[in-house]
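Just so you know, all these numbers are worked out from the coordinates, no wet-lab data involved. Keep in mind the model is a prediction, meaning the values are calculated, not measured. Cβ placement follows ideal geometry from the backbone for every residue including glycine, while neighbour counts extend to all protein chains displayed.
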Amino acid sequence: MQEHDLSWVRTEMALAQAAPSSQVGAGAWMRKNLFASPFDTALTILAALALAWALPQILNWLFFSAVWSGADRTACLTTEQGGSLPAGWTGACWPFVEARLGYFTFGRYPLEERWRVILCGVIFLALLVPLLTPRIPFKRLNAILFFAVFPFIAFFLLLGGYFGLPYVETPLWGGLLVTLVISYVGIVTSLPLGIILALGRRSKMPIVKLLSVVFIETVRGVPLVAVLFMASFMLPLFVPPGMTFDKLLRALIGVALFSSAYMAEVIRGGLQAIPKGQYEGADSLGLGYWQKMGLIVMPQALKLVIPGIVNTFIGLFKDTTLVLIISLFDLLGTVKQSISGDPTWATPQTAKTGYVFAAAVFWIFCFGMSRYSQYMERRLDTGHRK
Amino acid sequence: MAIENAVSAEEIKVDAKKMHVSDTDVAIDIVGMHKWYGEFHVLKDINLRVMRGERIVICGPSGSGKSTMIRCINRLEEHQKGKIIVDGKELTNDLKKIDEVRREVGMVFQHFNLFPHLTILENCTLAPIWVRKTPKKQAEEIAMHFLKRVKIPEQANKYPGQLSGGQQQRVAIARSLCMNPRIMLFDEPTSALDPEMIKEVLETMVGLAEEGMTMLCVTHEMGFARKVANRVIFMDQGQIVEQNTPVEFFDHPRHERTKLFLSQILH
């Protein structure tokens, strides 16, 4: 019976052919990503309608109807409010941001000393950019400069009182300067502290483990606002009178300890994902504990939890706004203060403009961190690279 | 009796003259060793003396404690009773001694345990550089020497994830050899490999045996056991049930449990 013949031999190997047009090109992309099913199609249409409705209004407020120049509040007022703009006008009042930009950036840092902050920022960028660019060599030296030397440079430069620089007390600091100082210190201290706490929590030594667990659970169990309040108002009650801690320093310590507890848990998650075989491989070669952790386990664990680490960084960056409650004025604090406390710019649009500006600045920083972390994840992904 | 393995005994070429077993030099001495996992008694009264140059194959049903036993030899597992003396050093809680022993004892795992974030070359130079304090350049030369020996020098700058299972296992062997060990432990080195790759790994192991390496190998490759081993150990329920030369072991098993086991894996 011919049709039941089970024996067959290929005489010629089939060649690879070009993919059909339904698989490649813009049409295929749209079919796959926008119109894959009736539900997807409905969602696509709804989203397009929502964008068509909202986008023109947003762009109009931000750019087309916005006021771009002016010396005081009258530039952003309608005729019935005492200005010259047509009745019913609404739009951003950018001259307000322009006029207060120095305050948003430096706070009440003395005008003639602001070059120190700018210089500090330039050094910061000059060290950060090469550190984040993989192609640039001397990473070790760069990292030492950025993490160990820069804090001292920044300390003397910003605070002054040495080398003929006038002393600028921290209550005068404000705006983006405070936001970045707290974030930098928080990020730079929370990662190593978090690593140590995570290792401590997984340690076989009971005392080390207990201390790590107690610290992590205590700090995580309390809101940051409470930590800041305690650092600011309770701490002075316990230290002898006359002895004062700088308020900014207290906030720095509070934020750093707070984020290190979160960081520890993120890193612990990464440590738990490393297979036992990696530890055994390292052990079998005779590597000691710190070599095993530092060379084998930690690099892999940290790589795994980059999203979590950056999540914590972003959270920390935004949490710096909470220092407002202990009367430190970060970026949002200075914006808020300018809106409520500055009659020169009191208009119905001022608050909106100010907050949109603050949100945009925060968004740029956070989005930057997020994109960079995604880039690093792809770059460090050696596990399955074919 | 035909042997149902990916690689049959006929396929393994061994130059037996090169393999020399010392009569006086003891490599490993295990005396009255016991081990418990909690309440569970995993290893019972293990006595095993391994002379320098011996090639020992350990087989037995799963859960018989064969992996656990060889993992005790470099203290990946801790024993609770008895003595294990490796190269004259007794394994105790002394971490320094443990590290000394681990430096002299290489281990190859079922799942390779290569470090995925390091290149093949870095995998091989890591321990010599950090543990033996070998200068980097010299460590790389040694690594390339052993990568050539396992026949994959061209993969040196790739990552483990880019290699096949057989290649990865050969890298793992090279990585161990870079530490210049006097004893090699193999924990089911071919169990996770496709049939086509088992042979390349076994050939590497035969090469080691021919150089006089002391080897303890947990494996089900009976062709390898027959040709390379000078002694086969059969374990069941955490104890050594029978040991003999390969010829005697396969052709005239004495214990009932051994006979049953062999009848199931050999047809």
Charge tally for neighbours of A:Leu210 with beta carbon under 13 Å away, counting Lys, Arg as +1 and Asp, Glu as -1, is +3
Taking a ≥ b ≥ c as the square roots of the eigenvalues of the Cα gyration tensor, with a/c under 1.5 meaning rounded and otherwise prolate when a/b exceeds b/c and oblate if not, segment A:258-320 is prolate
The alpha-carbon center of segment A:215-257 and that of segment B:159-207 are separated, in whole Å, by 56
Once the in-chain neighbours fewer than 8 apart are removed, the aspartates and glutamates whose Cα is under 20 Å from A:Lys209 read A:Glu217, A:Glu265
The farthest towards the positive end of the charge dipole of segment A:141-254, of the residues A:Val208, A:Ile153, A:Gly221, given +1 on Cβ of Lys and Arg and -1 on Cβ of Asp and Glu, is A:Val208
Computed for chain A: size of charge dipole around the Cα centre, +1 on C-beta of each Lys and Arg, -1 on C-beta of each Asp and Glu, debye to nearest 20, value 840
Once the in-chain neighbours fewer than 8 apart are removed, the lysines whose Cα is under 19 Å from B:Lys133 read A:Lys292, B:Lys96, B:Lys97
Ranked on Cβ counts within 10 Å of their own Cβ, fewest leading, A:Leu287, A:Leu62 go A:Leu62, A:Leu287
One finds the C-alpha centres of segment A:71-121 and segment B:101-125 to be spaced, in Å, by 62
Note, B:Glu196: beta-carbon cut-off 13 Å, +1 each Lys/Arg, -1 each Asp/Glu, net -3
Here the alpha-carbon Rg of the protein assembly as shown over 2.2 N^0.38 Å rounds to 1.33
Sorting B:Val21, B:Pro153, B:Ala192 by the position of each Cα along the dipole of segment B:17-264 (Lys, Arg +1; Asp, Glu -1; all at Cβ), the one nearest the positive end of that ordering is B:Pro153
Charge dipole of the protein assembly as shown built from unit charges on the beta carbon (Lys, Arg +1; Asp, Glu -1), centred at mean Cα; most positive-end Cα among A:Val239, A:Ile274, B:Leu202 is A:Val239
Gyration tensor (Cα only) of segment B:33-163 to equivalent ellipsoid, semi-axes in Å sorted down, yields 32, 18, 14
Per-residue average of other protein chain Cβ atoms inside 10 Å, peptide B:108-120 -> 5
Burial-style ranking of B:150-161, A:259-270, A:134-145, average other-beta-carbon count within 10 Å with highest first, yields A:259-270, B:150-161, A:134-145
B:Ser62 and B:Tyr37 label points (each 7 Å along its Cα→Cβ direction) are spaced in nm at 1.3
Per the C-alpha gyration tensor (a ≥ b ≥ c, the square roots of its eigenvalues), segment B:17-264 is rounded if a/c is under 1.5, else prolate if a/b beats b/c, else oblate; here it's prolate
Within the under-11-Å Cβ sphere about B:Asp236, not counting B:Asp236, Lys/Arg +1 and Asp/Glu -1 give a net charge of +1
Looking only at aspartates and glutamates whose Cα falls under 15 Å of A:Lys247's and that sit 8 or more positions away or on another chain, we get A:Glu169, A:Asp330
Packing-ranked peptide list from B:82-88, B:58-64, highest mean Cβ count within 10 angstrom first, is B:58-64, B:82-88
For peptide B:40-53, the mean count of other chain Cβ atoms within 10 Å per residue Cβ is 0
In debye to the nearest 20, the charge dipole size for segment A:1-72, taken about the Cα centre with +1 at each Lys and Arg Cβ and -1 at each Asp and Glu Cβ, equals 140
So for chain A, using the alpha carbon gyration tensor with a ≥ b ≥ c as root eigenvalues (a/c under 1.5 gives rounded; past that, a/b versus b/c decides prolate or oblate), I'd call it oblate
Sorted on mean Cβ neighbours within 10 Å (highest first), peptides B:233-241, B:252-260 come out as B:233-241, B:252-260
The size of the Cβ-based charge dipole (Lys, Arg +1; Asp, Glu -1) of segment B:17-264 about the Cα centre, to the nearest 20 debye, is 480
Counting every C-alpha pair in segment A:13-110, the percent lying more than 20 Å apart is 66
